[in-house]
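Computed from the coordinates by the stated procedures, all read-outs in this text should not be read as laboratory data. Since the structure is predicted, the reported quantities are computational estimates derived from the model, not experimental observations. Note that we place each Cβ from the backbone using ideal geometry, even for glycine, and neighbour counts take in every protein chain shown.
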Amino acid sequence: MQTVTVLGATGSIGCNTLDVINRHPEKYRTFAITGNGQLELLMQQAQKCSPRFVVVADEARYKEACTLATEYNITAEILCGAKALEDVSCAAEIDTVMAAIVGAAGLLPTLAAVKAGKKVLLANKEALVMSGALFIDAATQSGAEILPIDSEHNAIFQCLPQGYEYGELEKAGISKILLTGSGGPFRERELSSFNAITIDEASSHPNWSMGRKITIDSATMMNKGLEFIEACWLFGASPDDIQVVVHPQSFIHSMVQYVDGSVIAQLGNPDMRTPIAYGLAYPSRIDAGVKPLDFSDMANFSFETPCFTRYPNLKLAIDACREGQAATTRLNAANEIAVASFLEGKIGFTDIAVVNEETLNKMEPVTVSSIQQILEQDTAARAAADQVIRGKFTC
Ligand code: NDP
Ligand code: MG
């Protein structure tokens with residue numbers, strides 16, 4: 001029996017995780033679930049999976065959560081705030097943490113799980129993009145097992161040779177990691193009409209159903225940029241080891257190319273329950289409730305090279321990856337501000353990349369070597385991005 005904390009239970013990954021867990025009550029027990037704004041959903045989830053703790057991230061909503069918990073007859077203890085998120089991530093009773101909070105807010109609880117040596121199912125890519133070497137070092141020191149949930153990284157993990165040693169691509173005979181991406185909803189749209197892209201248009205992904213922020217990141221391909229950085233850290237690869245390949249159908253979730261010319265790919269329907277089930281059961285396999293691929297149904301299977309004019313955020317992320325930790329932390333922070341501003345209607349779609357680039361250009365180079373310094377860079381970049389937005393896009 002594995003005991004699991006689900007951080008970000010009310011999100012897209014969180015709901016899919018509870019779906020897989022609920023299919024296997026004999027294998028998984030839920031210790032804690034956490035949410036932020038969706039309190040009713042959180043209570044409904046608590047009714048179904050009977051965790052010991054329900055954590056509300058937003059302290060201001062504690063009373064409301066307690067009232068709802070009484071209405072829903074929840075017996076779990078209700079906790080709130082950042083410390084509680086960390087406590088349920090490193091508790092002695094748990095084996096596994098699903099890290100599925102979106103954005104920088106997930107960094108500290110995810111790190112708490114890593115430092116406590118847990119099995120960490122990593123969906124929250126921003127946490128790794130922000131903290132890179134510190135995150136990986138903490139895992140090495142504690143013995144935490146990091147299993148990638150992002151579908152591409154989960155695919156790459158499945159395509160690596162058994163016993164792959166971190167950073168030893170050459171020794172393993174690997175010539176390239178081929179990171180696939182659909183190209184999002186605007187792959188074929190006229191570039192001249194990009195500044196007319198609406199929030200609704202950017203919020204509908206052709207293949208995947210996901211949370212709001214990652215859906216916008218997929219439309220700008222910042223998501224692939226963050227994944228590029230994520231892949232470097234997860235597998236100890238350098239930027240030259242990774243190639244982004246646009247594969248609009250999203251059946252191949254990524255590939256590993258070997259020096260003998262072989263390419264190993266992982267395929268499946270675009271359903272996050274596959275990587276989630278893989279992470280939960282690793283190294284075994286369990287039913288995830290996912291429809292099997294039907295090869296008679298696949299009309300097209302195509303590939304393209306991404307165009308940086310269409311996807312400037314992808315280039316910004318690859319450049320930041322080459323530059324180092326401060327740049328990726330800043331880019332992630334600026335992007336969170338830019339995406340939120342786009343979703344609030346304050347800036348246009350193409351302005352997201354402008355805000356990101358100008359924020360990076362405004363800031364002096366520094367080196368960061370502690371979580372404290374990373375959090376400072378995150379805060380400074382958010383302020384710089386806000387300033388760019390106020391100066392440029394509001395009258
Ligand atoms: P959602 O927006 O659907 O869910 C985010 C979760 O985080 C919710 O539970 C939300 O709570 C919670 N949350 C939001 N803000 C805070 C905060 N300040 N403090 C604590 N908790 C907070 O996101 P997704 O599930 O789509 O994505 C989660 C992570 O997984 C992201 O990092 C994303 O990049 C990654 N990922 C997602 C994939 C997908 O298919 N969805 C695929 C690959 C990676 P509430 O809803 O209650 O407000
Ligand atoms: Mg992905």
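Determine the shape class of the chain: with a ≥ b ≥ c the square roots of the Cα gyration tensor eigenvalues, call it rounded for a/c under 1.5, and otherwise prolate if a/b is greater than b/c, oblate otherwise. Taking the square roots of the gyration eigenvalues as a ≥ b ≥ c, the chain is rounded. Put simply, when 200-210, 224-234, 132-142, 11-21 are sorted by average Cβ atoms within 10 angstrom per residue, most first, you get 224-234, 11-21, 132-142, 200-210. Summary value for region 157-297: 31 percent relative contact order, contacts being C-alpha pairs under 8 angstrom separated by 6+ residues. What is the local net charge at LEU179, summed over the other residues whose Cβ is closer than 14 Å to its Cβ (Lys, Arg +1; Asp, Glu -1)? Neighbourhood net charge equals -4.
Amide H to amide H, with H built 1.01 Å from N, GLY167 comes under 5 Å of GLY236, counting only residues 5 or more places away or on other chains. Think of it as helices only: each DSSP H run of n ≥ 4 in the chain is worth -39500 (n - 2.57), and spread over all residues that comes to -14000 deg cm²/dmol at 222 nm. Peptides 50-62, 110-122, 309-321 ranked from most to least packed by the mean count of surrounding Cβ atoms within 10 Å: 110-122, 309-321, 50-62. For region 193-205, 3J(HN,Hα) computed residue by residue from phi via the Karplus equation (6.51, -1.76, 1.60; θ = phi - 60°) reads 9, 4, 6, 9, 4, 8, 4, 4, 4, 6, 8, 10, 7 Hz, glycine and proline entered as x.
Relative to the current alpha-carbon distance between ASP319 and ALA383, full extension at 0.36 nm per residue lengthens the span by 20.9 nm.
A protection proxy built from the mean count of other Cβ atoms within 10 Å ranks the segments 144-157, 243-256, 285-298, most packed first, as 144-157, 243-256, 285-298.
Taking the DSSP beta bridges with both ends in region 157-297, the antiparallel portion is around 65 percent. Whole-Hz Karplus values for region 129-137 come out as 4, 6, 10, x, 4, 5, 5, 5, 4 Hz, taken residue by residue from phi with 6.51 cos²θ - 1.76 cosθ + 1.60 and θ = phi - 60°; glycine and proline positions read x.
Can you work out the FRET efficiency for the pair SER50 and GLU145, with r the C-beta to C-beta distance and R0 = 25 Å, to the nearest 0.05?
Approximately 0.45, to the nearest 0.05.
Take the Cβ atoms of LYS171 and GLU71, set R0 to 56 Å, and the FRET efficiency comes out at 0.45.
Across the chain, Cα pairs under 8 Å and at least six residues apart give a relative contact order of 14 percent. Choose one answer from ARG212, ARG23, ARG382: the residue with the largest mean-square fluctuation in a GNM of the chain with alpha-carbon springs under 10 Å. Fluctuation is largest for ARG23. Computed from phi, the 3J(HN,Hα) profile of region 381-394 under the Karplus parametrisation 6.51, -1.76, 1.60 (θ = phi - 60°) reads 5, 5, 5, 5, 5, 4, 5, 4, 5, 5, x, 9, 10, 10 Hz, with x in place of Gly and Pro.
In terms of its alpha-carbon gyration tensor, region 219-268 comes out oblate; a/c meets the 1.5 threshold, while b/c is at least as large as a/b. Would you mind checking region 173-192 for residues with the amide N under 19 Å from a putative spin-label position 7 Å along Cα→C-beta of TYR258? The answer is 173-179. A full extension of the chain between GLU304 and ALA92 corresponds to an added length of 71.6 nm, given 0.36 nm per residue minus the alpha carbon distance. Of the beta bridges in the chain, as assigned by DSSP with both residues counted there, near 25 percent are antiparallel. Given the pairs LYS119/LYS315; LYS213/LYS315; LYS63/LYS118; LYS27/LYS48; LYS63/LYS213, which span a C-alpha to C-alpha distance of over 24 angstrom in this model? Going by Cα-Cα distance, LYS119/LYS315; LYS63/LYS118; LYS63/LYS213 fall outside the 24 Å limit.
Across the options THR367, PHE393, LEU343, the greatest Cα extent toward the positive end of the charge dipole of region 324-393 (unit charges at beta carbon of Lys, Arg, Asp, Glu) belongs to PHE393.
Set the Förster radius R0 to 25 Å, insert the Cβ-Cβ distance between SER209 and ARG23 as r into 1/(1 + (r/R0)^6), and round the FRET efficiency to 0.05. Before the final figure, lay out the partial values.
Details: r = 19 Å, r/R0 = 0.75.
Efficiency computed from Cβ-Cβ geometry: 0.85.
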